[in-house]
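Let me begin by presenting the structure, written as structure tokens, before commenting on it.
The values are calculated or read from the model by the stated rules, or taken from the named source; none is laboratory data. Bear in mind that the values here come from a model prediction, so they are computed numbers and not experimental data. Note that we place each Cβ from the backbone using ideal geometry, even for glycine, and neighbour counts take in every protein chain shown. Side chains included, ligands, DNA and RNA excluded: accessible areas come from the protein's heavy atoms. Shrake-Rupley method; radii C 1.70, N 1.55, O 1.52, S 1.80 Å.
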Amino acid sequence: MTTISIHGVQLPLLTGDPKTWIGAHLISVKQITPEGLSLLFDRATKLAQNDSSFDVHPKTVVATVFYEASTRTACSFQAAAVKLSGNFMHVDSKHSSSKKGESLSDTLACLACYADAIVLRHPSTGIMYDVLKQGGDLIQKPLINAGDGTAEHPTQALLDVYTIRDELKHCGENITLICLGDLKHGRTVHSLVQLISTTAESIVWKGTLTISYVAPEGLEMPDSVQQTITQANPSVKQYTYQSLDDALKNSSENVVLYVTRIQRERFDSDRDYEAVKGSYVIDRDLMDKYDKIRMVLHPLPRVDEISTDVDRDPRAAYFRQMQNGLYVRMGILSLILQQQT
Ligand code: NCD
């Protein structure tokens, strides 16, 4: 098996060979190869058409372990497990023994005794690598990263990129991805820009990919993420703009507008949050002004950054994106939990 070392942990590369996915931890988008992405997307498309040939063993249990709030990620993984003929158990920080002082490694080692896979969300950046380093030998079940602090949210990026391909109807030539919002703390956008730049070429885009970043002051995309892209695929152009209008004016056709929420919970004080709150809103006027916006995506939840009068615009793709989350997560679980032949 080919592996990649990330933060001192050897993780499998997830390729077009379904065997590489069996029992694998999925922690970072860096693990996924272009062929692996195609395999997953083809499977998600079949699952969306009610293909039941990828069901898991009916006694399969998926643990969803969430130390941060979630509606879509937790529920879509749970629904995915059930729709694949398996089951789930949910654990959250309020009701687990972490309340009694148990370490996360011990909790996961416990859950690994009962479940066949563990989907984990945690507020600490990099925690997935820490638990695998400390207690990886005791957590002998696949661990799926459902969001670690401000670092990554790989399954969200997978469903985002799936949605972009699906909405474009074919592999798009010359796409501009505009990322708007809290690009400093937004883990979904960190995973998305890396996945689309390094892995999705010729699956989602051909020709050129331009990524434009628009963020309130102090919430810019980290240099480290931009550098990862420059190193991995120097053909991708990255620009930073002060305003969304400037980014749109300077974009060619085929704009994918990816909007994110300001991550209030990551701010040191409410005052800092209030200073940037409400600094951008996508509304009807903007949508009418720019035909070049092909789709609007948002990982959700939204607060006030997309006005509800945009919801019924055919280019408002965020509800379809959320639906795709079910199929992509079914694809992920079915590949990781497939029975060895
Ligand atoms: C995102 C997250 O948790 O990072 N939500 C999600 O999983 N769809 C985005 C957010 O909370 O803003």
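The table for this structure:
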| read-out | value |
| --- | --- |
| Matching entry among Leu248, Leu183, Leu195 (being out of contact with any Ser or Thr (no Cβ under 6 Å at 6 or more places or on another chain), within 16 Å of the ligand (Cβ to nearest atom) and part of a helix (DSSP H, G or I)) | Leu195 |
| Residues (open to solvent by less than 70 Å² (accessible area, probe 1.4 Å), more than 18 Å from Thr155 (Cβ to Cβ) and not aliphatic (A, V, I, L, M)) located in segment 75-101 | Ser85, Asp92, Ser93, Ser96, Ser97, Ser98, Gly101 |
| Yes/no for Ser252 being closer than 26 Å to Glu167 by Cα and surrounded by fewer than 17 Cβ atoms within 10 Å (Cβ to Cβ) | yes |
| Enumeration of residues in segment 124-142 that are assigned to a helix (DSSP H, G or I) and either in contact with a Pro (Cβ under 8 Å, 6 or more places away or on another chain) or of a type in the set (A, V, I, L, M) (or both) | Ile127, Met128, Val131, Leu132 |
| Scan of segment 219-266 for residues that are without any contact (Cβ under 8 Å) to a residue 60 or more places away in the chain and either aliphatic (A, V, I, L, M) or touching a helix residue (DSSP H, G or I) at 6+ places or on another chain (Cβ under 7 Å) (or both), ordered by number | Leu219, Met221, Val225, Thr228, Ile229, Ala232, Asn233, Val236, Gln238, Tyr241, Arg264 |
| Ala69 vs. criteria without any contact (Cβ under 8 Å) to a residue 60 or more places away in the chain and within 16 Å of the ligand (Cβ to nearest atom) | yes |
| Condition met for Lys46 (without any contact (Cβ under 8 Å) to a residue 60 or more places away in the chain, open to solvent by 80 Å² or more (accessible area, probe 1.4 Å), closer than 24 Å to Gly325 by Cβ and outside any strand (DSSP E or B)) | yes |
| Exclusive hit being among the β-branched types (Val, Ile, Thr), open to solvent by 40 Å² or more (accessible area, probe 1.4 Å) and not in a loop (DSSP other than H, G, I, E, B), set Thr188, Thr208 | Thr208 |
| Segment 143-180 - residue that is within 16 Å of the ligand (Cβ to nearest atom), of a type in the set (A, V, I, L, M) and part of a strand (DSSP E or B) and, of those, surrounded by the fewest Cβ atoms within 10 Å (Cβ to Cβ) | Leu180 |
| Candidate set from segment 122-140 (those that are touching a Gly at 6+ places or on another chain (Cβ under 8 Å) and open to solvent by less than 20 Å² (accessible area, probe 1.4 Å)); member that is farthest from the ligand (Cβ to nearest atom) | Tyr129 |
| Hits in segment 282-321 - residues which are under 23 Å from Ser70 (Cα atoms) and open to solvent by 70 Å² or more (accessible area, probe 1.4 Å) | Val303, Thr308, Phe319, Arg320 |
| Residues within segment 274-306 that are of a type in the set (A, V, I, L, M) and at pLDDT below 95, tallied | 2 |
| Any hit, segment 280-290, residues being closer than 21 Å to Ile164 by Cα and within 12 Å of the ligand (Cβ to nearest atom) | no |
| Within segment 61-74, considering residues that are over 15 Å from the mean Cα position of the chain (by Cα) and surrounded by fewer than 20 Cβ atoms within 10 Å (Cβ to Cβ), the one farthest from Ser124 (Cα to Cα) | Val61 |
